[in-house]
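Everything below concerns the one structure shown next.
Throughout, read-outs are computed from the coordinates displayed, never taken from laboratory work. These numbers come from a predicted model, not from an experiment. So basically every Cβ, Gly included, is an ideal-geometry build from the backbone, and we count neighbours across all protein chains shown.
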Amino acid sequence: MPTRPWLFALIALACFGSIASAQAAIKTQAVEYKQGDTVLEGFLAWDDAQQGKRPGVLVVHEWDGLGDYIKMRAEMLAKLGYVAFAPDIYGKGVRPANMQQSAQESSKYSKDRSLMRQRVEAGLERLKSNPLVDTTRIAAIGYCFGGTTALELGRSGADIAGIVTFHAGLSNPTPEDAKNIKARVLVLQGANDPYAKPADVDKFEDEMRATKVDWQFVSYGGAVHGFSNPKNHDPEHGLVYDEKADQRSWKAMQDFFAEIFAKK
């Protein structure tokens, strides 16, 4: 029988695919929990093929609540070898359907930072209770509203290794609380973000300079708000996806994690 190189290539590809599937078995699960009397529903993602404890990453949602985008990011983190938990800040079933509802819901927490902290702290405790998580190696990341929330978690004095924010709101009614931050901080912003103007950036950097926090601030030229989310195509409201900024910021996060999670 004549040799068919393409047949061997197909067999090899199929075998490689089978091996890859065996090596990565991403599992996801909706997780119901509480903060006080409020029922919350988070989203958990992990690689079931991986053995032993591993770092945990809290992934805080945007202002439109815990939806497909944040779940996608959680799964991406699981593929990188982390246990990812997306906490529910708003409450089970509270999922804004438009910008007006998102603004209304997120403002409740922007105006009540104590409640914001309580909700994200409940998510952190849920992540720490997972038997797969190495509780000495935990980070919190957040997008937009979630970035603000991740910073508030740090200002609460949470004992975590790192905080990464993507196009976050940088306002802080209690800048003196920055001294409570124990984590290393990486802030990833669009240079043209209309919701984080130069004056806001200056205030945030002054807040950090007044502390001993190990912090970094990266500004992506030309990028506006929401640069990491492919669904954003709204120049009128300053929300536009930027592929380069998305890829660069994700890489910056991975490098940051490699540093803070390195075993000594």
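Placing unit charges on C-beta atoms (Lys and Arg positive, Asp and Glu negative, everything else neutral), compute the dipole magnitude of the range 25-260 about its Cα centre in debye, rounded to 20.
500 debye
What is the ratio of the Cα radius of gyration of the chain to 2.2 N^0.38 Å, where N is its residue count, to two decimals? Kindly include the intermediate steps, with their values, before the conclusion.
Numbers: Rg = 19.7 Å, N = 264, 2.2 N^0.38 = 18.3 Å.
Computed over Cα atoms of the chain, the ratio equals 1.08.
Placing +1 at every Lys and Arg Cβ and -1 at every Asp and Glu Cβ, with all other atoms neutral, what dipole size does the range 68-144 have around its Cα centre, in debye to the nearest 20?
On the way: 13 positive and 8 negative charges, 18 e Å.
In total the dipole reaches around 80 debye.
Of ALA196, ALA210, ALA245, whose Cα points farthest to the positive end of the dipole of the range 111-257 (charges on the beta-carbon: +1 Lys, Arg; -1 Asp, Glu; origin at the Cα centre)?
ALA210
Is any residue of the range 145-170 close enough, with backbone N under 20 Å, to a label point placed 7 angstrom from the Cα of LYS53 along the Cα-Cβ axis, and if so, which?
158-163, by backbone N distance to the label point.
Tell me the trypsin sites (Lys or Arg not before Pro) within the range 179-263 that lie in a loop according to DSSP and have at most 15 other beta-carbon atoms within 10 Å.
Working: sites: LYS179, LYS182, ARG184, LYS203, ARG209, LYS212, LYS231, LYS244, ARG248, LYS251, LYS263; in loops: LYS182, LYS212, LYS231, LYS263.
Counting only loop positions with at most 15 other Cβ atoms within 10 Å, the trypsin sites (Lys or Arg not before Pro) in the range 179-263 are LYS182, LYS212, LYS231, LYS263.
May I ask you to list, by number, the DSSP H helices of the chain whose Cα span along the axis is at least 24 Å and whose average Kyte-Doolittle hydropathy reaches -0.5 or more? Provide the component values of the computation, followed by the final result.
Working: long enough: 5-23 (27 Å, 1.55); 243-260 (26 Å, -0.98).
Span-like helices, by this rule, are 5-23.
If you restrict to DSSP beta bridges whose two residues both lie in the chain, what percentage is antiparallel, to the nearest 5? Mind showing how you got there, number by number?
Details: 15 of 41 bridges.
So the antiparallel bridges in the chain amount to around 35 percent.
Only loop residues by DSSP count here, and only those with at most 14 other Cβ atoms within 10 Å; note down the trypsin sites (Lys or Arg not before Pro) in the range 51-95 that meet that.
On the way: sites: LYS53, LYS71, ARG73, LYS79, LYS92; in loops: LYS53, LYS92.
The qualifying sites: there are none.
Tell me the relative contact order for the range 25-260 as a rounded percent, counting alpha carbon contacts under 8 Å between residues six or more apart. Intermediate values should be presented prior to the final figure.
Details: 513 pairs, mean separation 34.7, N = 236.
Reported as a whole number, the value is 15 percent.
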